[in-house]
Amino acid sequence: MKKPAAVTLAAVVVAMLLAAPARADDFPAAITVSGEATTSAAPDLAHIDAGVANDAKTAKEASDANNAAMGKVLLALKGAGIAEKDYQTSRLSLQPQYGQNKSTGASPVVGFRASNRVTVKIRDVTKVAGIIDTLVGAGANDIGNISFEVTQASKLLDDAREQAVADARRKAEIYAKATGVTLGAPLSVSEGGAPVPLFKSRMATAPMAAPAAVAPGEETLSVTVNVSWAIKAKEQ
């Protein structure tokens, strides 16, 4: 037996009401703004990428020469006081090198290149230049990126967080005045992403006889907060 049409229609209306979005006046009136602040700090940690590359006629010769060369580099790092936990192999490769036969156009294998790269963590940035000289002196013939880091960035940003909230309030008050309302209590506060330092990576120059010249400088730390403020009409 079929249900009456009126019952079916009523069920549809109830379902539509349950699915309807909330009205705009169900949400508190608010102004949402972002506040920013920055601070600077001297880095206390450095990373250096260095490596050795060797060419030879056979794969074994290239690999053996490269292993011996990297062994000297690792021993030099240990002798310079770098803990074993602070250096790590980052890339190891053995690749054929091709020549060109002008008469046939073929590209025969003429040798092999073995390379080994290591990333070094330096916890005393005043030693960066000395470590680079140590690497070069031990046989490293490829110095890559150098980057500096502030390890306690989050703690150093605490003052900047207060400044960022003050900046958000300043902006909110401007909007409130322009729209003829007054600010109430903050409804929500959130930090815009992880507060991290704006890293500066520097490319090291090719190894030279003169001592390496390295300037750590300062790192700029930045924080952003998003704040929603309740608003109300101005009292007459």
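For residue 134, work out the one condition from (1) touching a strand residue (DSSP E or B) at 6+ places or on another chain (Cβ under 8 Å); (2) among the β-branched types (Val, Ile, Thr); (3) over 30 Å from residue 227 (Cα atoms) it doesn't fulfil.
(1)
Which pairs have Cβ atoms under 8 Å, sit 6 or more apart or on different chains, and link a residue in region 143-161 that is open to solvent by less than 10 Å² (accessible area, probe 1.4 Å) to one that is among the aromatic types (Phe, Trp, Tyr)?
What qualifies is 148/199.
Inspect all residues belonging to region 100-122 and state whether any of them is touching a Lys or Arg at 6+ places or on another chain (Cβ under 7 Å), over 30 Å from residue 192 (Cβ atoms), outside any strand (DSSP E or B) and open to solvent by less than 50 Å² (accessible area, probe 1.4 Å).
No, because not a single residue in region 100-122 is touching a Lys or Arg at 6+ places or on another chain (Cβ under 7 Å), over 30 Å from residue 192 (Cβ atoms), outside any strand (DSSP E or B) and open to solvent by less than 50 Å² (accessible area, probe 1.4 Å).
Conditions first: (1) modelled with pLDDT under 95; (2) open to solvent by 80 Å² or more (accessible area, probe 1.4 Å); (3) assigned to a helix (DSSP H, G or I). Residue 1 passes all but one, so which condition is the exception?
If we test residue 1 against (1) modelled with pLDDT under 95; (2) open to solvent by 80 Å² or more (accessible area, probe 1.4 Å); (3) assigned to a helix (DSSP H, G or I), just (3) comes out false.
Do we find a residue being outside any strand (DSSP E or B) and farther than 30 Å from residue 34 by Cα anywhere in region 160-181?
Within region 160-181, not a single residue is outside any strand (DSSP E or B) and farther than 30 Å from residue 34 by Cα.
Consider residue 194 carefully, then state whether it is modelled with pLDDT under 90, surrounded by fewer than 16 Cβ atoms within 10 Å (Cβ to Cβ), under 30 Å from residue 68 (Cα atoms) and of a type in the set (A, V, I, L, M, F, W, C).
Criteria not met by residue 194.
For the list (1) farther than 28 Å from residue 220 by Cα; (2) open to solvent by 40 Å² or more (accessible area, probe 1.4 Å), I need the number of the one condition that residue 90 fails.
Failing condition for residue 90: (1).
With the requirement that a residue be more than 20 Å from residue 141 (Cβ to Cβ) and surrounded by 10 or more Cβ atoms within 10 Å (Cβ to Cβ), what does region 77-87 give you?
Those that are more than 20 Å from residue 141 (Cβ to Cβ) and surrounded by 10 or more Cβ atoms within 10 Å (Cβ to Cβ): 81, 83, 86.
Kindly indicate the residue of region 39-60 that is within 19 Å of residue 86 (Cβ to Cβ), in a strand (DSSP E or B) and not acidic (Asp, Glu) and also most open to solvent (accessible area, probe 1.4 Å) among those meeting that condition.
My answer is 47.
The values are calculated or read from the model by the stated rules, or taken from the named source; none is laboratory data. As the structure is a computational prediction, the values presented were derived from the model and not from experiment. Ideal geometry is used to build each Cβ from the backbone, glycine not excepted, and the neighbour counts take in all protein chains shown. Please note that ligands, DNA and RNA were not included when accessible areas were found on the heavy atoms of the full protein model with its side chains. Shrake-Rupley method; radii C 1.70, N 1.55, O 1.52, S 1.80 Å.
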